[in-house]
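Asker: Take this structure first; my questions come after.
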């Protein structure tokens, strides 16, 4: 299958998660992504591990984010390497970086200077808090960004302190936004023939993720989120029955629904708590407690079968072990195996996008540091005079 971004050359001056995750998405869609890494150490993510898992001296996390890419080792402080990179930029369609504001300007690789090298390049920048303002030089780290965004007061119950999200959600969403911006910029370039500057920040991305509840806050007299005092409530702004409930043998999740109808089905008496539609939020905590008492009386499957028979939205709450054993999970083809050579393999996820009914499998492993340096030098004639190509 011909992929939509085939023929595009992307230079990735990014490390850690946000920028590289955008590069992964572009690579899965067919782009050729070359990571520009520091000699000897490379992307700092090579040594940043989850659960201390490493494969061939690089972290499993690095392999997860950087499969399907090439690696070119270059020292940005070395004049010869810098000249090679400028030649490579003259031939590229896209370049991305997540250096702090001022770093690329200092070495002459900011957008204005790169435009002189290649006026049609798409130039993507990832920052923590934007290129301007008092926080522009603060480190853009996911937990810190979650902490200053308000996100940590949406989960948990009212007696909890702040509860961070269990994923690097700021990084992941910022990578998604960068990929979206780059693809939109490519369309604009096709229309205008000119390069485009694409800027994203971790803080803006995590604020955008909260657009529903932030809009509620901004139009609700500045009232803070009202986390439930009852265990299992899953949303600070939604009313009962929304949440998770313990059953006789597990847990059941309940989405939005007609509360009186649901309670009639499960034989839960709430007439003293539910007077009109607004009661579902005003008496949320008491209603959740009442529902919780009822759900403990039967097994999860019994409840799910009963509720689904009445077209009520609900689901069993699963962990990774039970979720990945589902037939539905297997039918999605969400896993792929990456070969690292020497008989070593890792399992990881595949792009969730289908094109013309086909999954975008891309089983090329993450590159060893500098693996492709010599080949790229030869292919693009970086050791001698180079000429820009028409883009």
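Every read-out reported here was derived from the displayed coordinates using simple, explicitly stated rules and does not represent laboratory data. Please read these numbers as outputs of a predicted model, since none were measured by experiment. Note: ideal-geometry Cβ built from the backbone for every residue, glycine included; neighbour counts use all protein chains shown.
Asker: Please list 193-206, 87-100 highest first by mean number of surrounding beta-carbon atoms within 10 Å per residue.
Answerer: 87-100, 193-206
Asker: Between residue 184 and residue 339, what length comes free when the chain is fully extended (0.36 nm per residue of separation minus the Cα-Cα distance, one decimal in nm)?
Answerer: That works out to 52.5 nm of additional length.
Asker: What do you get when you divide the Cα radius of gyration of the range 135-187 by 2.2 N^0.38 Å, with N the number of residues?
Answerer: Ratio of Rg to 2.2 N^0.38 Å for the range 135-187: 1.44.
Asker: With springs only between Cα atoms under 10 Å apart, run a GNM on the chain and tell me which of 263, 14, 45 wobbles the most.
Answerer: Result for the chain, Cα springs under 10 Å: 263 fluctuates most.
Asker: Can I ask one more? Relative contact order for the range 324-379: what is it in percent, counting Cα pairs under 8 Å that are at least 6 residues apart?
Answerer: Across the range 324-379, relative contact order equals 25 percent.
Asker: Running a GNM on the chain with Cα contacts under 10 Å, which residue among 233, 59, 279 ends up with the highest mean-square fluctuation?
Answerer: Sorting by GNM fluctuation, first place goes to 279.
Asker: Please work out the C-alpha center-to-center distance from the range 35-104 to the range 149-183 and express it in whole Å.
Answerer: Using only Cα atoms, the two centres lie 25 Å from each other.
Asker: What Kirkwood Rh does the range 243-323 have if only Cα atoms enter the pairwise 1/r average? Answer in Å.
Answerer: Its Kirkwood hydrodynamic radius stands at 13.0 Å.
Asker: For the chain, what is the mean residue ellipticity at 222 nm derived from helices alone (per DSSP H run of n ≥ 4: -39500 (n - 2.57); sum divided by total residues; nearest 500 deg cm²/dmol)?
Answerer: Theoretical 222 nm ellipticity from helices: -10000 deg cm²/dmol.
Asker: Sticking with this one: The list (i) 124; (ii) 184; (iii) 167 gives values of volume of the Cα convex hull per residue in Å³, and only one came from this structure; which label was calculated from it?
Answerer: The value computed from this structure is option (ii).
Asker: Report the relative contact order of the chain, percent, no decimals, based on alpha-carbon pairs under 8 angstrom and at least 6 residues apart.
Answerer: Relative contact order here is 17 percent.
Asker: Let me ask you something else. State the extension gain, in nm to one decimal, for the chain segment bounded by residue 318 and residue 299, taking 0.36 nm per residue of separation less the distance between their alpha-carbons.
Answerer: Length gained between residue 318 and residue 299: 5.4 nm.
Asker: I would also like to ask the following. Springs between alpha-carbon pairs under 10 angstrom, Gaussian network model over the chain: which of 256, 173, 183 fluctuates most?
Answerer: 256
Asker: Here's something else I'd like to know. I'd like the FRET efficiency for residue 215 and residue 158, computed as 1/(1 + (r/R0)^6) with the beta carbon distance as r and R0 of 22 Å, rounded to 0.05.
Answerer: 0.50
Asker: To the nearest 0.05, what FRET efficiency results for residue 131 and residue 258 with a Förster distance of 56 Å applied to their C-beta separation?
Answerer: 0.70
Asker: Taking the alpha-carbon centroid of each part, what is the distance from the range 109-134 to the range 261-315 in angstrom?
Answerer: That distance is 53 Å.
Asker: For the residue pair residue 54 and residue 355, what label-to-label distance in nm results when each label sits 7 Å from Cα along the Cα-to-beta-carbon direction?
Answerer: 3.7
Asker: Multiply the residue separation of residue 44 and residue 6 by 0.36 nm, subtract the distance between their alpha-carbon atoms, and state the gained length in nm to one decimal.
Answerer: Difference between extended and current length: 10.9 nm.
Asker: Using R₀ = 30 Å, calculate the FRET efficiency as 1/(1 + (r/R₀)^6) where r is the Cβ-Cβ separation of residue 223 and residue 306; round to 0.05.
Answerer: My answer for the efficiency is 0.25.
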